[in-house]
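Engineer: Below are the structure tokens for one structure; questions will follow.
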Amino acid sequence: MITATQAPEKYLEIFDQFSNRAAAQPRWLQSLRQDAFARFSETGFPTTHDEDWRFTNVSVVANTAFELAGPETVNGEQLEPFGASQFGSHLVFVNGLFSQELSAPAPMPKGVTVGSLAAQLKNDSASVEPHLGRYLNTQRDPFAALNTAFIEDGVFVYVPRGVVVEAPIYVLYVTIPGATPTTMNHPRNLIVAEENSQVTIVEDYVSLGEGITFSNASTELVAGDNANVSHYMIVREGEQAYNFSTLRIQQGRHANVATHSLLLSGALVRNNVHPVLAGEGSECLINGLFMANGRQHMDNYMLVEHASPHCDSRQFYNGILNGQSHGVFHGRIIVHKDAQKTDAKQTNRNLLLSDDAQIDTKPQLEIYADDVKCTHGATIGQSTRMRCFTCARAALPKLRRATFFCWRLPMSAWIA
């Protein structure tokens, strides 16, 4: 059996074949891929000994001999249950590759680009180079490094200064097994909204057919000064699907970004959201709902960085767990030294519908400024199985209500 530390070796041949196929692409992109693969080879897949992954065992992914998924034939009738046609502008990617036949992009305001990242790299790579790979932290996250190593296609959205895109842009990512029963794809998305612009994007991840699939997606979202961006991410994959996604947000001055995650199904789901409030006066709203059943495992990792003063962030994540499912919420707020007048709030509420369902919740604050307003809290209802690590203290299972006080702020935890 392949262990997590041995796993990168089996990817070397796949990466070499992929690199040879993409040898004609820009040198900067080849270098970006090679650096990312070197990092992935150095670290391997994470284990539960890594703090960011202590509640999620990814050995089932590391131990599976995945092959890069190729193009597969999908017809519109198969996609009808997912509702893509309800959106005036929708793009479809099958196994991470753009499908012109299944897509129906609507006319956009002047200067707006919505389409395939692969096409943009081919036709105008200079417009992509300033942003692609500049924000995602491949040093910290091996899955982000793996995605960057296999950058090929995904959605590219560019909204120029002062332009408002009224209708939402809907993007459907379909994973379907092919000749091999274990396939992987690595969608890479780049969304750039320049200053004073406005846009809404919906990412929807689904799967078709039988087989074990691994979708490892990454999105870099750049919101310029005074931009207003809404982002939605939906995961509703099959019972044998592993879905890992990372949303990295870079915000300018007074930029307003709202992101909403809805996790409905999938064998193993990991949802990373990492906004950096880099510009003074920026605001970020992070909403999430995860609903797990059976033996599903859903892990939500939030890392919010306040890097400038007078910024506001709000996190509201709710979990509903049934059967023998396992949910994770790890929310981390970092307030950097220069981020005075920060206002940050983090809330996680969970409802366990069975005695065998389990939730691990870890709201966390790291504050290096002295003039801030920050709160965090977590609640669990309906089950006595709870583990809370925020203040390094275990819950008290014999009490109907337990309240914990850390040295900064109170956190209340309910045990029904």
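Engineer: Which of the listed residues, Q30, F45, F82, is farthest toward the dipole's positive end in the chain, when Lys, Arg count +1 and Asp, Glu count -1 at the beta-carbon?
Structural biologist: Positive-end residue among those listed: F45.
Engineer: Excluding residues fewer than 8 places away in the same chain, name every one of the lysines whose C-alpha is closer than 16 Å to that of K122.
Structural biologist: none
Engineer: Let me ask another. Taking the Cα centre of segment 1-140 as the origin, how large is its charge dipole in debye, to the nearest 20, when only Lys and Arg (+1) and Asp and Glu (-1) carry charge on their Cβ atoms?
Structural biologist: Here the size comes out at about 440 debye.
Engineer: Calculate the dipole size of segment 34-87 relative to its Cα centre from +1 charges on Lys and Arg beta carbons and -1 charges on Asp and Glu beta carbons; express the result in debye to the nearest 20.
Structural biologist: For this selection, approximately 120 debye.
Engineer: A further question on this structure: To the nearest Å, what is the center-to-center distance of segment 60-108 and segment 163-199, using C-alpha atoms only?
Structural biologist: 10 Å
Engineer: May I ask you to compute the full-extension gain from D343 to H260, defined as 0.36 nm times their residue separation minus their alpha-carbon distance, rounded to one decimal in nm?
Structural biologist: Stretched out fully, the D343 to H260 stretch lengthens by 27.9 nm.
Engineer: Per 0.36 nm of contour for each residue apart, how much would the distance between V164 and N123 grow if the chain were fully extended, relative to their Cα-Cα spacing?
Structural biologist: Extra length available between V164 and N123 comes to 12.3 nm.
Engineer: Where both partners of a DSSP beta bridge lie in segment 43-173, what percent of those bridges are antiparallel, to the nearest 5?
Structural biologist: The antiparallel proportion sits near 65 percent.
Engineer: OK, next. Among T64, P109, L132, whose Cα projects farthest towards the positive end of the dipole of segment 64-132, with charges put on the beta-carbon of Lys, Arg (+1) and Asp, Glu (-1)?
Structural biologist: The listed residue farthest towards the positive side: P109.
Engineer: Treating only the Cβ atoms of Lys and Arg (+1) and Asp and Glu (-1) as charged, compute the dipole magnitude of the chain about its Cα centre; round to the nearest 20 debye.
Structural biologist: Here the chain has a charge dipole of around 1320 debye.
Engineer: What order, most packed first, do the peptides 355-366, 27-38, 144-155 have when packing is the mean number of other Cβ atoms within 10 Å of each residue?
Structural biologist: Packing order, densest peptide first, comes out as 144-155, 355-366, 27-38.
Engineer: Right, here's the next one. Of the listed peptides 246-255, 74-83, what is their order by residue-averaged count of other C-beta atoms within 10 Å, with the highest listed first?
Structural biologist: 246-255, 74-83
Engineer: Got a number for carbon plus sulfur as a percent of the chain's accessible area, 1.4 Å probe?
Structural biologist: Here it works out to 49 percent.
Engineer: Quick one: of the DSSP bridges fully inside the chain, what percent are antiparallel, nearest 5?
Structural biologist: That works out to approximately 10 percent antiparallel.
Engineer: Normalised by the number of residues in segment 91-204, what is the relative contact order in percent for Cα pairs under 8 Å and 6+ residues apart?
Structural biologist: Taking the mean separation of contacting Cα pairs over the length of segment 91-204, I get 35 percent.
Engineer: Give the cross-link partners of K373 among the aspartates and glutamates, using a straight C-alpha distance below 19 Å as the criterion and excluding same-chain residues fewer than 8 apart.
Structural biologist: Correct list for K373: E280, E283, E305, D312, D338, D343.
Engineer: If you average the sequence gap of Cα pairs under 8 Å that are 6 or more apart and divide by the length of the chain, what percent do you get for the contact order?
Structural biologist: About 9 percent, as a whole number.
Engineer: 222 nm [θ] for the chain, helices only, -39500 (n - 2.57) per DSSP H run of 4+, per residue, to 500?
Structural biologist: That comes out to -4000 deg cm²/dmol.
The values are calculated or read from the model by the stated rules, or taken from the named source; none is laboratory data. Only a predicted model underlies this, so the values are computations on that prediction, with no experimental measurement involved. Reconstructed Cβ throughout: ideal geometry from the backbone, glycine too, with neighbour counts over all protein chains shown. For the accessible areas, the whole protein counts, side chains as well, though only heavy atoms, and no ligand, DNA or RNA atoms are used. Shrake-Rupley method; radii C 1.70, N 1.55, O 1.52, S 1.80 Å.
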